[in-house]
Amino acid sequence: MASASVGEEEDNNKLTLYSYWRSSCSFRVRIALNLKGLKYHYKPVNLLKGEQSRPEFLQLNPVGFVPVLLDGHTVLYDSFAIIMYLEDKYPHNPLLPLDITKRTINFQAATIVSSTIQPLTNLNLLNYIGEKVGPDEKLPWILSVFRRGFTALEKLLKDHTGRYATGDEVFLADVFLAPQLHAAFKRYSVNKDEFPILARLHEAYNEIPAFQEALPENQPDAVHYCIHTGVARVPSEYELLSTSKVLLLSYSFAIIMNYIGEKVGPDEKLPWTQSAIRKGFTALENLLKDHARRYATGDEIYLADLFLAPQIDAAINIFKVDMKEFPTLSRLHETYNEIPAFREALPENQPDAVH
Ligand SMILES: N[C@@H](CCC(=O)N[C@@H](CS)C(=O)NCC(=O)O)C(=O)O
């Protein structure tokens, strides 16, 4: 379904995906596009060369992450948001079941992958661990993250699976699971015997063309490693493509902070967290600047507000982030504090609060 856009006329009606072949978040979006039969241009962003941090890419996604999807002039980032957009705009081949329980299981599985597993194995965190703790510590960390997430997924899915995660049809959970299982079983050789349901799903996904076409090794920027020498073999079209221009809110902070405190030092926890929050808030300021009114996306309270309020509150009251650079978020924080539903939900107003 992907086509390289190099040398082709730009067509504003077509979708363009900024992707990195090995990125599991990009892989999710590739699967969703394929399942919906949507054609797209493929624009590689080489994460190992740091292309995600170049100014031209940060213009598209200030967080500095792939994937980014362009639909005409609409720029979208974050795989979950992109997939929900595709679901709303192109409702054929639905990714969500009508049954409310099945729907929830799909959201839960997708969230376990997208907030409990993937962010904890992201390149920038692995680089940090490699540098501050030691290069040999990266793999044990990744395997411990997979074990925690996969154990939860096995429990969640055990009464719901059919051929796929929540029955005999492919849904959102499968779109999120397939890339994570591929990384675990193919790249990191996680023991399949420990996770029988996930191992079976992994086999089932490998038989679906929409998933096969989205596989990392089938992307134009894939680098194929020679088994004997470990040296990368770069396909010629990759060289061509690489010369072309090419909600952070659910990070599992506590797990990472405990690890950093133990392995790097207790004094390193706060600076790491503040810098992660600042990176996310910079992106949020940018995202909301044309949309915020009284609340994040207008004069009514929506999902974004429910996710923003606790994060801004924690940034200010727990992590002591200097909010001068974030005027929109600071203003929203004041607004949220005036709403009884938000005030009553504040940490300090809970029965188990420690004063
Ligand atoms: N929540 C985001 C996460 C995106 C993300 O973490 N992307 C990774 C690749 S899977 C990335 O671009 N990492 C670059 C880096 O760590 O510098 C999403 O689902 O799109």
Q) Can you name the condition, by its number, that Leu76 falls short on among (1) away from the ligand (no atom under 16 Å from the Cβ); (2) within 30 Å of Ala254 (Cβ to Cβ); (3) assigned to a strand (DSSP E or B)? A) (1)
Q | Identity of the residue in region 165-206, in a loop (DSSP other than H, G, I, E, B) and in contact with a strand residue (DSSP E or B) (Cβ under 8 Å, 6 or more places away or on another chain), that ends up farthest from Cys25 (Cα to Cα) | A | Val170
Q: Being assigned to a loop (DSSP other than H, G, I, E, B) and away from the ligand (no atom under 16 Å from the Cβ) is the filter here, so list the residues in region 114-150 that pass it.
A: Val133, Gly134
Q) Before we move on, is Ala222 under 28 Å from Leu123 (Cβ atoms) and crowded, with 21+ Cβ neighbours inside 10 Å? A) no
Q) Residues of region 253-304 being outside any helix (DSSP H, G or I), aliphatic (A, V, I, L, M) and either more than 22 Å from Ala341 (Cα to Cα) or touching a Lys or Arg at 6+ places or on another chain (Cβ under 6 Å) (or both), which ones? A) Val264
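Read the figures in this text as sums done on the coordinates, not as results from a lab. Quantities reported herein were computed from a predicted structural model and do not represent experimental measurements. So basically every Cβ, Gly included, is an ideal-geometry build from the backbone, and we count neighbours across all protein chains shown.
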